[in-house]
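Once you've had a glance at the structure underneath, I'll fire off some questions.
Since every read-out is calculated from the coordinates, none of them should be taken as a lab result. This is a predicted model, so every value here is computed, not measured. With ideal geometry, Cβ positions are generated from the backbone for all residues, glycine too; neighbour counts draw on all protein chains shown.
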Amino acid sequence: MKQHPLCTDCEPPVTPLELPVPRAVKQEWAALETRRRFLGRSGKVLGWAALAGLFGDMGLRIYAEGADAKSPSPALNNALGLPHFAPKAKRAIYLFMSGGPPQMDLFDYKPNLAAQFNEDMPDSIRGNQQLTGMTSGQAHFPVAPSHWPFGQHGQTGTWVSSLLPYSARMVDDLTIIKTTNTDAINHEPAIMLMNTGNMNAGKPCLGAWLAYGLGSMNDNLPTFIVLQTKTNPKENNQPVSSRLWSSGFLSSEFAGVGLRSGADPVLYLADPAGVDHDVRRKMLDTVEEINRQTLAEVGDPETNARISQYEMAFRMQSSVPELIDLSKEPPSTWDLYGPEAKQPGTFAYNCLLARRMAERGVRFTQIYKRGWDVHDNVVGMLPVLCQETDHGAYALVTDLKRRGLLDDTLVIWAGEFGRTVYSQGGLSRDNYGRDHHPRCFTTWMAGGGVRPGITYGETDEYSYNVVKDPVHVRDFNATILHCLGIDHSKFSYKFQGLDQKLTTPVPANVVLGLLA
Amino acid sequence: MIAAHKLSVAIRSLRIRNLRAQWLWTLGLSVLFVLLPFVFRLDGRQHADWLQFLGRFHPSLVHLPIGMLVLLPFLEFGGTTRLGLREAAGFVLYLALATGVVTLVFGILLAYGSGVMGATVTRHMWGGIALLIELLVCVAARPAWISGQVQRVYPALLAASLLTLLWTGHQGGSLTYGSDYLTRFMPGPVKRFFPSASSASDAAYVGSVYMRSIHPILDAKCVVCHGASKEQGGLRLDFYDLLITGGKDGAVIAPRNPDHSLVLQRVTLSPTDKHFMPAEGRTPLTADEIAILRAWILADASPTATSIPGIATTAESTELPLQPVGDYSNLMNEIHQMQRSEGAKLVAVSATPSDGLILRTIDIASKFDDAELARFQRFAPFIVDAELGRTKVGDDCFDILSRFTNLRALHLEGTAVTGRALGKLSALSQLSYLNLSGTKVTSEALVPLKGMSNLRHVYLFDTPAQAASAATNSTLRSTQ
């Protein structure tokens, strides 16, 4: 066998049959390699391929598949037969609080904790839980009650921390879930699990699933857009990477399109100097022709994805400037969102963009806000974080509601996990820290499909364990899919021999108690 | 084998003795078969285990007589040229009869022992009995055919037996695999000839908690065995009245008393308990489903209640149940064309065609005017959601829209409509969502809409009407 010129290791290569493998296995390999077997199999494969081709081309397949749906012509629905049932929400906006907001400082009111200040949390509460390396060495787990007072708000009398004065105004529109829980205790696996239903990278995220399943409502904008909020360097920002909006094993055209958080959300959107729109069009047409030749030669579906992305980019040249042009927003917009919303990259600005995208038929918008990872100095940082996000979230929900968009838009607010009631590091009257906590954390939804004005689930008096009505991440995602008309258990994609789903492998349930 | 042989010998000797005696025997045995079901009356109760133990061999045993009966016409046909086959045919007929009798007895033991009942069970049983009687008559009529005295009777009888066999076998298959076993994966064009039977005796309860939450649970988890085709324990759960009536063990629902309701007791037993339901390894009810059932029973198990107090899952919904829009399959080609064209699209609300269509204009909103809208008139009754926001439609659109009789949601935000002709919408009884944000609609223009009881979501943000309604606190300015 010829050595590769770059290979410096001059030992003769080893053939598989020389490997230290049991003789029986080698014989099996040898048997697999006979010419008779090869020819026999090839013949069968050709036969089956021909048969499949015949049936496929005769168009029997769509009738066979559609027969189940009692549809006179199943092809009217998208090829997947989605939505499975009439959806309440046509689109969703996901406000992702990366880092893990402390639930007991925001929504999960635990008045009895004040009396237990600095007392050790009973071991029975923690059980045999494996903690993160950041607090597993702590000798004590002193209870740190929330530094801020809570008040009752809305007609529902929901308790909300004084840190969230704006959210407090809209509690009657929110579906607050106190018992969201996850399997992972560290950021990366937890944020992957939250977004893709799996701790390991490589699976499609919620937005990609929706783009794949429900398709676009607007030909000129991406189906799934990701907005990142400018980071505040004082905060403890955990990385947020594009694999969170990746399409995984789905075609890459379903991946989220990230808009930059600066003034220029899409780089090189304008035609370069000296290149007018017609020249650009001509260039794209030629590129497409070449790509189509490649597709014909190679047959890789990714080439198709590339072609459609070029076209999308071209259309975005006109649609995005219109999208981000806020000059025609009425004064009432700025009254609602506040002056911060005029600065590109702020959370409020992104919320305003999300509303504009909802109006323009973007199926799924995800806004990332980093910095919630308050391991120390909760008292110093939490007010900053709340001030950055509270106003925008309230403005978004309120704006959608007054414009009649909340009826068919689902808004979701969630982080990847919660935080511990016990203090990480030193606890004083003035300050404390909180470690990651997967067993319960508070999230909320609002709008199409969910029941407004309720608080779902109960946690124990340390906000540590779920006492009633747990909502696992998979149930959370199954419920979101349900609001968009998708039965999560039937929504799958065949990959690597499995019917891959957003909510597998452990069975998930739609949380009926959250539904309108 | 021995029994069959004895029988054949017995019948042979009978034939030699007296033809009349043979017919009497045939009649006597027939009467015996017909009486069997009256002796072992299927009352929906389970009986001794050994009955079921034997009975469970029925499904495998049944293939013996089936195989032989199917073989029979071939033997008889072959017998016209080869005498040996004809002789064999006689033997096979006796054997088929004998095994058939055993099968029938085992079948009745199975049904009687396991307490199963229902229309399909009854049909299957009488089919089996009819088949055996036909076979008996075949046996009696065959000698005359062999001897050439009577030409047509025996072949006709044999053909009738085979048809009966086919029908009875189908009933049995439906019992084992479910009645839609053959049709479920049938290609669409063929399937049209097999309309699925559906009953609507619960139609009066549309929109109730029972129909929204309870019926779907029972339908998914229980009706396979407690439904029209199979009434295990004499219990049917597919309609409210039958659910309340209960089965042979009495009522299964004790209103206001979930703990004494048999249906709840059975689904909450340990899965290893022999009384646990759903039986035979079918999917158990989820905790949520059990909670819903419990809440519903606690609240008097009413078929009409539209809300159950204190339970989030079944709380009052302000939404109307979706009205089916009817069949638009003959317009499919045009709809496809509309979808493919660059302009406005018709999109299905869901995989169920009768949920209707969405008229989506977002890609050409700046060019979509009243004339464009008029092109969609022929699809009018099937459009349930018209997304006309930021289009160029004007006040004339209401003339066209008034024909969209099934319209549920109408988006007119950011259009030039003034609401002058808004009253034309009052013909739309299903309309529940109307978005007029950012238009020039005044509160006077809204007056004609006051009578529309289903119209619950009207959005007037950024309109002259908004300010006015804020002042008068009009009920029409609604939110959620």
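Could you check the simple spin-label distance between residue A:234 and residue A:17, using points 7 Å along Cα→Cβ, in nm with one decimal?
For residue A:234 paired with residue A:17, the spin-label model returns 7.3 nm.
Then there is this: Quick one: of the DSSP bridges fully inside chain A, what percent are antiparallel, nearest 5? Please report the intermediate quantities before stating the final value.
On the way: 24 of 51 bridges.
Roughly 45 percent of the DSSP beta bridges within chain A come out antiparallel.
Run lengths n ≥ 4 of DSSP H only: what is the helix-derived mean residue ellipticity at 222 nm for chain A, with -39500 (n - 2.57) per run over all residues, to the nearest 500?
Mean residue ellipticity, 222 nm, calculated: -10500 deg cm²/dmol.
Now a separate question. In straight Cα distance, which lysines are under 27 Å from residue A:328, not counting same-chain residues fewer than 8 positions off?
Reachable lysines: A:90, A:230, A:342, A:369, A:401, B:367, B:392, B:440.
Once you place label points 7 Å from the Cα toward the Cβ at residue B:378 and residue B:272, how far apart are they in nm?
The modelled label-to-label distance comes out at 6.7 nm.
Now for a different question. Per the Kirkwood formula on distinct C-alpha pairs, the Rh of segment B:2-186 is how many angstrom?
Value: 17.4 Å, from the Cα pair sum.
Something else now. Which order results if A:188, B:134 are arranged by neighbouring Cβ count within 10 Å, fewest first?
In order of increasing Cβ crowding within 10 Å: A:188, B:134.
So, counting K/R as plus one and D/E as minus one, what does the shell of residues with Cβ under 15 Å around residue A:169 add up to?
Computed value for this residue: -3.
Let me ask something else. Taking the Cα centre as origin and putting +1 on Lys and Arg beta-carbons and -1 on Asp and Glu beta-carbons, what dipole magnitude results for segment B:204-314, to the nearest 20 debye? Before the final figure, lay out each step's value.
On the way: 10 positive and 11 negative charges, 14 e Å.
It comes to approximately 60 debye.
5 Å is the cut-off here: which amide hydrogens, built 1.01 Å from N in the peptide plane, fall below it relative to residue B:357, excluding neighbours closer than 5 in sequence?
Residues meeting the amide H criterion: B:349, B:383, B:384, B:385.
Tell me the label-point distance for the pair residue A:273, residue B:399, using the 7 Å Cα-to-Cβ offset, in nm and rounded to one decimal.
Here the modelled spin labels are 5.5 nm apart.
Further question on the same structure: What shape does segment A:113-195 have by the C-alpha gyration tensor, where a ≥ b ≥ c are the square roots of the eigenvalues, rounded means a/c under 1.5, and otherwise prolate means a/b greater than b/c and oblate the rest?
Values: a/c = 2.63, a/b = 1.40, b/c = 1.88.
In terms of gyration-tensor shape, oblate.
Would you please state which residues of segment A:252-271 a label at residue A:302 would reach in this model, taking the label point 7 Å out along Cα→Cβ and a backbone N cut-off of under 15 Å?
A:252-255
Here's a follow-up. Using Cβ contacts closer than 10 Å as the measure, can you line up A:19, B:322, A:193, A:174 from fewest to most?
A:19, B:322, A:193, A:174
Something else: Of B:437, B:59, B:100, whose Cα points farthest to the positive end of the dipole of the protein assembly as shown (charges on the beta-carbon: +1 Lys, Arg; -1 Asp, Glu; origin at the Cα centre)?
Toward the positive end, the furthest listed residue is B:100.
Next question. Calculate I(q)/I(0) for chain B by the Debye formula, one identical point scatterer on each C-alpha and no solvent, and give its log10 at q = 0.07, 0.12, 0.13 Å⁻¹ to two decimals.
With one equal scatterer per Cα and no solvent, log10 I(q)/I(0) is -0.62, -1.07, -1.15.
May I pose another question? What are the extents of the Cα atoms of the protein assembly as shown along their three principal axes, listed from largest to smallest and rounded to whole Å?
Answer, in whole Å and largest first: 112, 88, 73 Å.
Hey, fewest Cβ within 10 Å first, where do B:398, A:249 land in order?
Final ranking by Cβ density, sparse to dense: A:249, B:398.
Suppose the chain between residue B:323 and residue B:166 were pulled fully straight at 0.36 nm per residue; how much longer would it get relative to their current alpha carbon spacing? Write down the numbers at each step before the final one.
Details: separation 157, 0.36 × 157 = 56.52 nm, distance 4.04 nm.
Taking 0.36 nm per residue and subtracting the Cα distance, the gain is 52.5 nm.
For chain B, give the share of DSSP beta bridges that are antiparallel, in percent and rounded to the nearest 5; count only bridges with both residues there.
Antiparallel bridges: around 30 percent, rounded to the nearest 5.
Between residue A:311 and residue B:332, take the C-beta separation as r, use R0 = 35 Å, and let me know the FRET efficiency to the nearest 0.05. Write out the running numbers ahead of the final one.
Values: r = 28 Å, r/R0 = 0.80.
Rounded to the nearest 0.05, the efficiency is 0.80.
Would you tally the net charge around residue A:252, using a Cβ to Cβ cut-off of less than 13 Å, leaving residue A:252 out, and scoring K and R as +1, D and E as -1?
-1
Right, something else. Give the average, rounded to an integer, of partner chain Cβ atoms located within 10 angstrom of each Cβ in A:399-405.
Taking all residues of A:399-405 together, the mean is 6.
Continuing with this model, one more query. Quick one: plug the Kirkwood hydrodynamic radius of chain A (C-alpha pairs) into Stokes-Einstein at 10 °C, 1.306 mPa s, and report D in µm²/s.
62 µm²/s
Using only the alpha-carbon atoms of segment B:329-472 as identical scatterers, what base-10 log of I(q)/I(0) does the Debye formula give at q = 0.13, 0.18, 0.19, 0.21 Å⁻¹?
The Cα Debye sum returns log10 ratios of -0.53, -1.00, -1.10, -1.32.
Pull up the DSSP beta bridges for the protein assembly as shown and report the antiparallel fraction as a percent, rounded to 5.
Taking every DSSP beta bridge with both residues in the protein assembly as shown, the antiparallel ones total about 45 percent.
Which is the longest stretch in chain A that no exposed loop site breaks, taking sites as trypsin sites (Lys or Arg not before Pro) with a DSSP loop state and at most 14 other Cβ atoms within 10 Å?
A:261-428
Would you work out if segment A:91-152 is rounded, prolate or oblate? Take a ≥ b ≥ c from the square roots of the eigenvalues of the alpha-carbon gyration tensor; rounded if a/c is under 1.5, else prolate when a/b is larger than b/c, oblate otherwise.
Numbers: a/c = 2.52, a/b = 1.30, b/c = 1.94.
Taking the square roots of the gyration eigenvalues as a ≥ b ≥ c, segment A:91-152 is oblate.
If I take R0 = 41 Å and measure r between the Cβ atoms of residue B:369 and residue A:495 in this structure, what FRET efficiency does the formula 1/(1 + (r/R0)^6) give, to the nearest 0.05? It would help to have the intermediate numbers written out before the result.
On the way: r = 46 Å, r/R0 = 1.11.
For R0 = 41 Å, the calculated efficiency reads 0.35.
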